[in-house]
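Scroll down for the structure; my scribbles are underneath it.
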Amino acid sequence: LKFSRRDFLKLAVAGAVAAGASGLPQASPAAASGPVSRCLWLSWDGADWRSVTGLMGQGLLPNLSRLNVVRMIASPNTATKAGHSEVITGQGCDRTNVITNKRYNSDIQAEWTAFYRVRKAHPRWFISSIMSKRDHTGDHLIHDGQAGINRKQPWFHFKTWAKAGGMSRYFNPSMTPLAETGKDMTLDYTTGRFTEDIDTYLASGAPGFLIYCHWAQPDHTGHQHGMGSPEWNADLVKLDAILGWAIGELQPEAVFLYSDHGFDDFGAKQHLDAPEAMLASNLPLTSDGLRWDVAYTVLSTLGLPVQTFEPRLRGRDLRLT
Ligand SMILES: [Zn+2]
């Protein structure tokens, strides 16, 4: 009986195999010393630091528990649009012009993204991204009838470069009919796209990779059932299994996993004032960083000259040295 890699993912998500069992490689990448060339970068939308650490304490997130997990402060706006814009560009909302989920008209240029910076340094690497929210991580021009203006979603400028071959693979739900993906892609749908990216990389022979994937969960579930609900917890358990599976497949030298914001409290279905985000890595990290520090940290880990970038990157390297 021979299992395919995807069978292992299904079994892992179903909790039928523990990481490390049955040929699945151990999900504990060794910390690299010099610049790394294999980097996995993931986002669990809305995964509140308090909830995640609580579930880790119960032993429910074994793969995340192998990483160093620290609190990150989501500020000033504790929502998805501004949060992901800050994380991926290393810029603040004053420059991105993505201020809140409703107040935005993105100025983010492709050149400002971490993906572009890595592509310039490493033309032959496999670089991919998956965004899973049609609205808050979208890439379209939206007509706002009430305000009488057109608004550019965060990745409006980026997508032109990405689709023209800047990215090895690029996926945004706006590329598909709404009936296929929904406004927020389901956990399973996103994971399907993620396995395609991994398969494509593994077949590519590329000398390095930056593989990025954003899941709309547990945020989407939190809005329906509340933070800490059985449904919310089940999402995190699934995401943890996918994390372990992906680390086993890719054997990354560096893993970064973040959330863009938390939730107001256990039981809450909103995140109006929810700064308790999280950041995790196989590399030791400083606690209480900010979202724009993530770009700085990822690019520094890849050995890029972050201090020379224009516009100047906000933030600092959160790795403990
Ligand atoms: Zn939300």
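The values are calculated or read from the model by the stated rules, or taken from the named source; none is laboratory data. Just so it is clear, the structure is predicted and the values come from calculations on it, not from any experiment. Glycine also receives a Cβ, built like all others from the backbone with ideal geometry; neighbour counts cover every protein chain displayed. Areas reflect the complete protein model, heavy atoms only, side chains present, ligands, DNA and RNA absent. Shrake-Rupley method; radii C 1.70, N 1.55, O 1.52, S 1.80 Å.
For the structure I just gave you, tell me whether A110 is open to solvent by less than 40 Å² (accessible area, probe 1.4 Å) and at pLDDT below 95.
Answer is no for this residue.
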message = For a quick check of your reading of the model, give me the residue pairs whose first member lies in region 40-62 and is on the phi > 0 side of the Ramachandran plot, whose second is open to solvent by 50 Å² or more (accessible area, probe 1.4 Å), with beta-carbon atoms closer than 9 Å and at least 6 apart or on different chains.
response = G46/H220; G46/H223; G59/S65
ask   = Do we have any residue at all in region 253-261 that's more than 28 Å from N101 (Cα to Cα), of a type in the set (G, A, S) and more than 12 Å from the ligand (Cβ to nearest atom)?
value = yes
task = Would you tally the residues in region 87-103 being within 16 Å of the ligand (Cβ to nearest atom), farther than 23 Å from L250 by Cα and surrounded by 22 or more Cβ atoms within 10 Å (Cβ to Cβ)?
result = 1
Residue that is farthest from D199 (Cα to Cα), among those in region 122-150 that are open to solvent by less than 40 Å² (accessible area, probe 1.4 Å) and part of a strand (DSSP E or B) = D144
inquiry  = Within region 65-77, take every residue that is out of contact with any strand residue (DSSP E or B) (no Cβ under 6 Å at 6 or more places or on another chain) and modelled with pLDDT of 95 or more and give me the one that is farthest from N101 (Cα to Cα).
reply    = R66
query = Any idea how many residues of region 243-297 are out of contact with any Gly (no Cβ under 9 Å at 6 or more places or on another chain) and in a helix (DSSP H, G or I)?
reply = 6
key: region 151-165, subset open to solvent by 10 Å² or more (accessible area, probe 1.4 Å) and touching a residue at least 12 places away in the same chain (Cβ under 8 Å), residue farthest from W41 (Cα to Cα)   = R151
ask   = Quick check, is L318 of a type outside the set (S, T, N, Q), away from the ligand (no atom under 16 Å from the Cβ) and in contact with a Cys (Cβ under 8 Å, 6 or more places away or on another chain)?
value = no
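Counting only residues that are among the small types (G, A, S) and away from the ligand (no atom under 16 Å from the Cβ), which one in region 52-74 is least open to solvent (accessible area, probe 1.4 Å)?
Quick first cut of region 52-74, residues among the small types (G, A, S) only: 54, 57, 59, 65, 74.
When the remaining residues are screened for being away from the ligand (no atom under 16 Å from the Cβ), the result is 54, 57, 59, 65.
Details: G54: 33, G57: 71, G59: 53, S65: 55 Å².
Of everything passing the filter in region 52-74, G54 is least open to solvent (accessible area, probe 1.4 Å).
To keep it simple, each residue is scored yes or no on (1) under 24 Å from A74 (Cβ atoms); (2) not polar (S, T, N, Q).
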position	(1), (2)
K183	yes, yes
R193	no, yes
Y201	no, yes
A254	yes, yes
S259	yes, no
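Looking for something among the basic types (K, R), under 23 Å from Q217 (Cβ atoms), buried (at least 16 other Cβ atoms within 10 Å of the Cβ) and modelled with pLDDT of 95 or more - is there at least one such residue anywhere in region 259-278? Break it down into steps so the answer makes sense when it comes.
The first filter runs over region 259-278 and keeps only residues among the basic types (K, R), leaving 269.
Narrowing the set further to residues that are under 23 Å from Q217 (Cβ atoms) leaves 269.
With the extra rule that they be buried (at least 16 other Cβ atoms within 10 Å of the Cβ), the set shrinks to none.
Checking region 259-278: not a single residue is among the basic types (K, R), under 23 Å from Q217 (Cβ atoms), buried (at least 16 other Cβ atoms within 10 Å of the Cβ) and modelled with pLDDT of 95 or more.
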Condition check for P284: away from the ligand (no atom under 16 Å from the Cβ), at pLDDT 95 or above, within 17 Å of L55 (Cα to Cα) and surrounded by fewer than 24 Cβ atoms within 10 Å (Cβ to Cβ) = no
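Is it the case that V118 is open to solvent by less than 10 Å² (accessible area, probe 1.4 Å), part of a helix (DSSP H, G or I), within 16 Å of the ligand (Cβ to nearest atom) and closer than 20 Å to E310 by Cα? If you could, list the steps in order and put the result at the bottom.
Details: open to solvent by less than 10 Å² (accessible area, probe 1.4 Å): yes; part of a helix (DSSP H, G or I): yes; within 16 Å of the ligand (Cβ to nearest atom): no; closer than 20 Å to E310 by Cα: yes.
In short, no.
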